Amino acid sequence: MLDNSVLAGEIVRHGAYVCLRLASAADARAISAAAIPALAARLGLENEFAPGATPPGASIAYLRRRHATPGDIADGDVEHADAIVHVAAPAARPVDDFCAEAARLLGPLARLRVLGGVVRPKTYTGAAMHGFAYAHAVMPQPGALMPNAFFVPMSKTAGWWSKDWMERHTYFLPRYDDAGRMTSEGHALAAEPGIPCLLRRTYKSPTEPAPDGAYDFLTYFECADADVPTFHRVCASLRDVARNPEWKFVREGPTWQGRRVATWQDLFTAPA
């Protein structure tokens with residue numbers, strides 16, 4: 001069968017990016033005083049800025065804006081966000097509670113756009129692909145070592161979702177002609193330079209495709225200062241439809257770049 005009934009359905013993690021856009025008259029001191037740290041502590045959210053030896057069960061991260069560039073999908077709430085807060089947990093309840101209470105606490109001080117998604121077991125990854133990509137993937141690092149954060153939400157076109165899962169799978173691998181010559185790299189080889197230096201996290205919409213106004217994928221990356229050019233090089237490779245035909249079916253939202261900071265208050269103080 002070529003329908004999606006064979007694909008993994010269980011959800012192993014929930015996450016959300018809370019995009020904050022300060023109100024024009026908002027006082028940075030007032031928003032810094034909001035009880036977001038207390039809320040995070042009450043929900044048991046561990047700070048991603050200083051990760052422990054094992055990944056936290058539930059976590060929070062604070063990202064301060066540097067700049068953003070528009071994408072195919074216009075989204076001012078992402079493009080112009082002054083800060084983004086990431087929250088994640090194995091269950092939906094802590095994530096939902098944080099987002100709801102943050103909206104109440106911040107009230108008239110900021111406009112919030114919450115973009116949420118889920119993690120399911122990997123769909124197309126067999127043993128060989130695991131060894132190629134995931135066995136060498138970057139583990140979470142302290143914010144001081146990998147301070148750069150990139151948030152790129154995106155969706156696939158109706159043409160992509162009309163394909164069965166086996167055809168979609170072919171776009172992630174190189175393609176060859178009858179003489180064995182590679183005609184396109186596919187997603188895996190186009191992204192290969194980022195494997196040893198870019199931390200990548202992706203949440204998917206609970207439904208595929210996502211409903212109107214939502215994104216199919218919420219992609220996020222972290223890297224060291226020295227590896228920022230690699231991030232941009234990988235993005236350029238993925239967007240080159242001659243090298244990676246998959247991207248004919250991709251529509252990106254804004255690419256938002258920020259800096260990881262240690263505390264809620266650091267979001268609203270002038271950078272050194």
task = Only one of these is closer than 23 Å to residue 229 by Cα, at pLDDT 90 or above and of a type in the set (Lys, Arg): 181, 201, 175, 120. Name it.
result = 201
Residue in the range 126-133 that is out of contact with any strand residue (DSSP E or B) (no Cβ under 9 Å at 6 or more places or on another chain), part of a loop (DSSP other than H, G, I, E, B) and surrounded by 12 or more Cβ atoms within 10 Å (Cβ to Cβ) present = yes
ask   = Mind checking which residues of the range 171-204 are among the aromatic types (Phe, Trp, Tyr) and within 26 Å of residue 115 (Cα to Cα)?
value = 172, 203
request  = Name every residue in the range 182-201 that is over 29 Å from residue 86 (Cα atoms) and touching a Leu at 6+ places or on another chain (Cβ under 8 Å), in order of residue number.
outcome  = 186
Close pairs from the range 171-199: first under 17 Å from residue 136 (Cα atoms), partner modelled with pLDDT of 95 or more and exposed (fewer than 15 other Cβ atoms within 10 Å of the Cβ), Cβ under 8 Å, at least 6 apart = 190/240; 193/233
query = Does the range 149-165 contain at least one residue that is among the aliphatic types (A, V, I, L, M), modelled with pLDDT of 95 or more, touching a helix residue (DSSP H, G or I) at 6+ places or on another chain (Cβ under 9 Å) and under 24 Å from residue 230 (Cα atoms)?
reply = yes
inquiry  = Among the residues of the range 202-215, what is the count of those that are surrounded by fewer than 17 Cβ atoms within 10 Å (Cβ to Cβ) and either charged (D, E, K, R) or within 16 Å of the chain's Cα centre (by Cα) (or both)?
reply    = 5
Pairs where the first residue, in the range 141-161, is farther than 12 Å from residue 252 by Cβ and the second is charged (D, E, K, R), C-beta under 6 Å, 6+ apart = 143/260; 146/222; 147/259; 147/260; 149/222; 149/260
key: Extreme residue, farthest from residue 202 (Cα to Cα), among residues of the range 144-165 that are among the aliphatic types (A, V, I, L, M) and in a strand (DSSP E or B)   = 149
message = Tally up the residues in the range 229-272 that are surrounded by fewer than 19 Cβ atoms within 10 Å (Cβ to Cβ) and under 30 Å from residue 50 (Cβ atoms), please.
response = 14
Residues located in the range 255-269, provided they are in a loop (DSSP other than H, G, I, E, B) and in contact with a helix residue (DSSP H, G or I) (Cβ under 9 Å, 6 or more places away or on another chain) = 263, 264, 269
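The values are calculated or read from the model by the stated rules, or taken from the named source; none is laboratory data. The shown structure was predicted, so the numbers you read here are calculated from the model rather than taken from an experiment. Reconstructed Cβ throughout: ideal geometry from the backbone, glycine too, with neighbour counts over all protein chains shown.
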